[in-house]
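See below for the structure under consideration.
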Amino acid sequence: METQPKLPWREKLGLILRCLQGNIGFMIATVLCSCGGMLFHSFTPQVIGFTVDSVLDSKAPDLPAFLLQLLPVERMRENPAAALWMAACAIMVLELIYCILAYFGRVTMAKASEGFMQKLRNTLYEHIQHLPFAWHTAHSTGDVIQRCTSDVEVIRQFVCHNFTEVVRTLFLIALYLTLMLQKNLAVSWVCILFMPIVGLSSGLFYRGTGSRFEAADRAEGDLTACAQENFTGVRVVRAFGREAFEVERFNQKNERFSNLWIKLGNLLSVYWASGTLLTALQVMAVIIAGTVQCVNGNLTVGGFTILVTYGSGLAWPVRSLGRVLSDMSKAGVSLDRVSAILNAPEEQDDPDAQDMALQGDIVFRNVSFGYGSQKVLEDVSFTIPAGSTFAILGGTGSGKSTLVHLLDRLYDLPEGQGTITIGGTDIRKIKRKSLRRQVGLVLQEPFLFSQSIKDNIAATRPEAPEEELRSAAMAAAVDEAIGDLPQGYETVVGERGVTLSGGQKQRVAIARMLLQNTPVMVFDDSLSAVDAETDAKIRAALQERVKGATVILISHRVNTLMQADRILVLDSGKVSDIGTHAELISRPGIYRDIYDIQMSADDRRLLEEGGEA
């Protein structure tokens with residue numbers, strides 16, 4: 001896919017807040033538990049410092065007045081062993097409270113995280129369901145899946161884990177620096193001076209990772225798309241012996257993906273190595289400054305212990321901001337890629353579009369259409385009388401399927417490029433759901449879900465009784481073939497129906513459409529994979545079953561089309577001829593040429609005698 005535009009963080013934050021609805025309470029509880037736990041954890045060095053200075057030594061305790069009233073300092077000095085046990089118990093209680101708060105923080109974090117993930121996945125999936133068909137054809141399935149899985153996971157990790165980590169780190173920095181400044185200004189300033197250096201290195205690292213993460217994300221999408229195409233097209237791969245070619249193609253994409261992550265790993269290695277050095281230097285500087293202050297009598301041993309503990313405790317949280325910034329870089333790229341899907345405009349009905357029954361003639365008037373700069377249809381006009389059988393014949397790329405796609409509004413006809421009406425009503429004035437519910441469509445390449453055959457046929461009418469389902473299967477000449485399968489109608493087909501033959505898939509798709517029982521039925525070259533005898537059986541059954549419906553047949557076979565009331569011949573996107581079978585073979589043209597090529601002398605004799613070719 002193309003490189004996505006960078007969105008401002010205000011828009012990204014809006015998406016995050018939208019998906020956090022209903023889970024913000026859990027996020028707040030997580031932050032409170034985390035900060036509360038760190039508060040109790042910070043008391044541990046104070047207990048140790050008090051014990052060293054005021055119990056084991058005779059220094060005046062540097063504690064709030066209410067604590068001095070609660071602590072029997074003199075008695076503790078008289079019995080140091082008991083005082084040490086008391087200090088140990090106090091530390092255990094503080095750490096126990098810290099662990100309890102950490103536990104509840106994890107629980108609320110899990111609820112917030114999964115709730116956010118579920119909302120974002122549902123939002124994405126629902127939006128994709130309403131995107132135009134043209135959007136789906138322009139984007140590879142593998143890349144879309146990668147955005148809906150890997151990118152969503154990156155966003156979740158940042159929002160639900162790293163955000164809490166940022167708040168926790170900022171709270172910890174403020175708390176520890178406040179406690180350090182109360183003990184000794186000189187040592188505290190030594191620690192503070194290192195913090196901008198660590199922050200600056202993190203910022204430089206953040207600037208260098210964004211483009212590399214985006215390139216790696218795109219490469220992962222290409223790799224996923226390659227694997228997905230190979231797995232779904234396994235039959236073609238095996239049939240043409242393309243295993244070696246596909247392995248080489250996957251290896252190339254995999255190598256590119258790996259190289260990008262290796263380069264990114266090199267950048268990460270430099271950052272973490274330099275960060276470790278800065279952290280060690282910060283701790284060393286605090287120890288040296290604290291030692292000097294102790295020697296000069298400006299700091300007690302207990303105070304030195306407290307400052308070194310807090311200084312060491314600050315080193316990793318400050319440095320973790322670099323990791324958070326790194327994850328912010330990845331999350332920013334992932335948010336851009338996910339937002340590119342969510343910002344894609346959905347299919348919209350005209351404001352005055354209505355639900356209505358499809359009745360009357362279908363009229364294409366001066367229709368022109370193209371895919372980008374490629375012109376497919378040019379000034380095409382014809383009428384399909386209601387209740388008739390209308391056939392379309394033409395070479396590959398002549399625009400046959402495009403006519404059907406326009407009728408079903410899989411693509412919208414641009415303004416000024418003609419009109420398509422049903423019963424005199426422009427199809428743009430009919431709601432898409434209403435239109436598609438009444439236009440049964442069997443595509444040239446039928447798609448079956450990885451479910452039972454029964455479920456596949458019933459996809460258009462899940463509530464249909466079993467006798468209607470079997471009747472549709474009989475009309476599609478697939479009931480007998482289904483009966484020969486191990487579990488009959490309960491047989492589960494493979495992904496995309498790979499366990500069935502091409503003809504069986506087409507006939508199941510025909511049965512699915514017949515069960516829908518729509519007033520307009522379109523067969524887009526849907527009999528191409530069945531033999532001539534089965535083709536004739538299906539057409540005969542259709543004539544009995546679809547009486548009163550408007551039927552559109554698209555095929556390369558003349559014997560499939562010749563029984564139609566009218567036959568349209570397309571040539572390079574233009575109407576070459578139109579008429580009945582008898583009219584078209586009576587005059588020179590494409591139709592008669594194809595008829596002469598496809599029909600043998602025996603076939604023609606049978607037709608003249610009234611038989612079925």
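When you scan segment 126-144, do you find a residue that is among the hydrophobic types (A, V, I, L, M, F, W, C), more than 30 Å from Met284 (Cβ to Cβ) and touching a Ser or Thr at 6+ places or on another chain (Cβ under 8 Å), even just one? Outline the logic, then answer.
Within segment 126-144, the subset among the hydrophobic types (A, V, I, L, M, F, W, C) is 128, 131, 133-135, 138, 144.
If we keep only those that are more than 30 Å from Met284 (Cβ to Cβ) as well, we get 128, 131, 133-135, 138, 144.
Add one more test, that the residue is touching a Ser or Thr at 6+ places or on another chain (Cβ under 8 Å), and what stays is none.
The answer is no; no qualifying residue exists.
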Item to check | Some residue of segment 134-141 being modelled with pLDDT of 85 or more, surrounded by fewer than 20 Cβ atoms within 10 Å (Cβ to Cβ) and among the hydroxyl-bearing types (Ser, Thr, Tyr) | outcome: no
Item to check | From Arg605, Arg566, Arg592, Arg587, residue being more than 29 Å from Gly370 (Cα to Cα) and modelled with pLDDT of 85 or more | outcome: Arg587
Checklist entry - In this structure, does Leu568 turn out to be closer than 17 Å to Arg592 by Cβ and either surrounded by fewer than 19 Cβ atoms within 10 Å (Cβ to Cβ) or of a type in the set (A, V, I, L, M) (or both)? => result yes
Checklist outcome for this item: Contact list, first residue from segment 368-385 and part of a strand (DSSP E or B), second anywhere and loosely packed, with under 13 Cβ neighbours inside 10 Å, beta-carbon distance below 6 Å, six or more apart or interchain, is Asp379/Asn366; Ser381/Asn366
Checklist entry - in the same structural domain as Thr44 (by TED's automatic domain parsing), at pLDDT below 85 and at negative phi: does that describe Met328? => result yes
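Yes or no, residue by residue, for (1) in contact with a helix residue (DSSP H, G or I) (Cβ under 6 Å, 6 or more places away or on another chain); (2) in contact (Cβ under 8 Å) with a residue 12 or more places away in the chain; (3) under 23 Å from Tyr176 (Cβ atoms); (4) assigned to a helix (DSSP H, G or I):
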| position | (1), (2), (3), (4) |
| --- | --- |
| Ala244 | no, no, no, yes |
| Tyr271 | yes, yes, no, yes |
| Thr279 | yes, yes, yes, yes |
| Thr291 | no, yes, yes, yes |
Next on the checklist: Go through segment 397-448 and report how many residues are free of Cβ contacts under 8 Å to residues at least 24 places away in the same chain and closer than 30 Å to Ile482 by Cβ.
Outcome noted: 1
Checklist entry - Residue check: is Tyr98 in contact with a helix residue (DSSP H, G or I) (Cβ under 9 Å, 6 or more places away or on another chain) and surrounded by fewer than 13 Cβ atoms within 10 Å (Cβ to Cβ)? => result no
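Taking the conditions exactly as written (out of contact with any Lys or Arg (no Cβ under 8 Å at 6 or more places or on another chain) and either within 30 Å of Val308 (Cβ to Cβ) or small (Gly, Ala, Ser) (or both)), does Phe133 satisfy them or not? Reasoning before the result, please.
On the way: out of contact with any Lys or Arg (no Cβ under 8 Å at 6 or more places or on another chain): yes; either within 30 Å of Val308 (Cβ to Cβ) or small (Gly, Ala, Ser) (or both): no.
Taking the combined requirement at face value, the residue does not satisfy it.
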Checklist entry - Can you find a residue in segment 314-323 that is outside the structural domain of Phe205 (by TED's automatic domain parsing), out of contact with any Ser or Thr (no Cβ under 9 Å at 6 or more places or on another chain) and surrounded by 15 or more Cβ atoms within 10 Å (Cβ to Cβ)? => result no
Item to check | Out of Ser368, Ser373, Ser329, sole residue that is polar (S, T, N, Q) and closer than 28 Å to Pro196 by Cα | outcome: Ser329
Checklist entry - Does segment 506-520 contain any residue that is basic (Lys, Arg), crowded, with 18+ Cβ neighbours inside 10 Å, within 24 Å of Leu403 (Cβ to Cβ) and touching a Pro at 6+ places or on another chain (Cβ under 7 Å)? => result no
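Could you tell me whether Ser576 is surrounded by fewer than 20 Cβ atoms within 10 Å (Cβ to Cβ), closer than 25 Å to Arg365 by Cβ, assigned by TED's automatic domain parsing to the domain that holds Ile457 and of a type outside the set (A, V, I, L, M)?
Against the criterion (surrounded by fewer than 20 Cβ atoms within 10 Å (Cβ to Cβ), closer than 25 Å to Arg365 by Cβ, assigned by TED's automatic domain parsing to the domain that holds Ile457 and of a type outside the set (A, V, I, L, M)), Ser576 qualifies.
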Checklist entry - Which number in (1) in contact with an Asp or Glu (Cβ under 6 Å, 6 or more places away or on another chain); (2) closer than 30 Å to Cys19 by Cβ marks the one condition that Lys330 misses? => result (1)
Checklist entry - What helices (runs of 4 or more DSSP H) lie completely within segment 404-483 and have 2 or more residues being under 27 Å from the mean Cα position of the chain (by Cα)? => result 432-438, 453-457
Item to check | Checklist (1) within 21 Å of Lys330 (Cα to Cα); (2) among the polar types (S, T, N, Q); (3) surrounded by 15 or more Cβ atoms within 10 Å (Cβ to Cβ) applied to Asn259, failing item | outcome: (3)
Next on the checklist: Would you confirm, using the coordinates I've provided, whether Asp535 is assigned to a helix (DSSP H, G or I) and either over 18 Å from Ile384 (Cβ atoms) or modelled with pLDDT of 80 or more (or both)?
Outcome noted: yes
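The values are calculated or read from the model by the stated rules, or taken from the named source; none is laboratory data. Small disclaimer: the values here were computed from a predicted structure and weren't measured. Cβ: placed from backbone, ideal geometry, glycine included. Neighbour counts: every protein chain shown.
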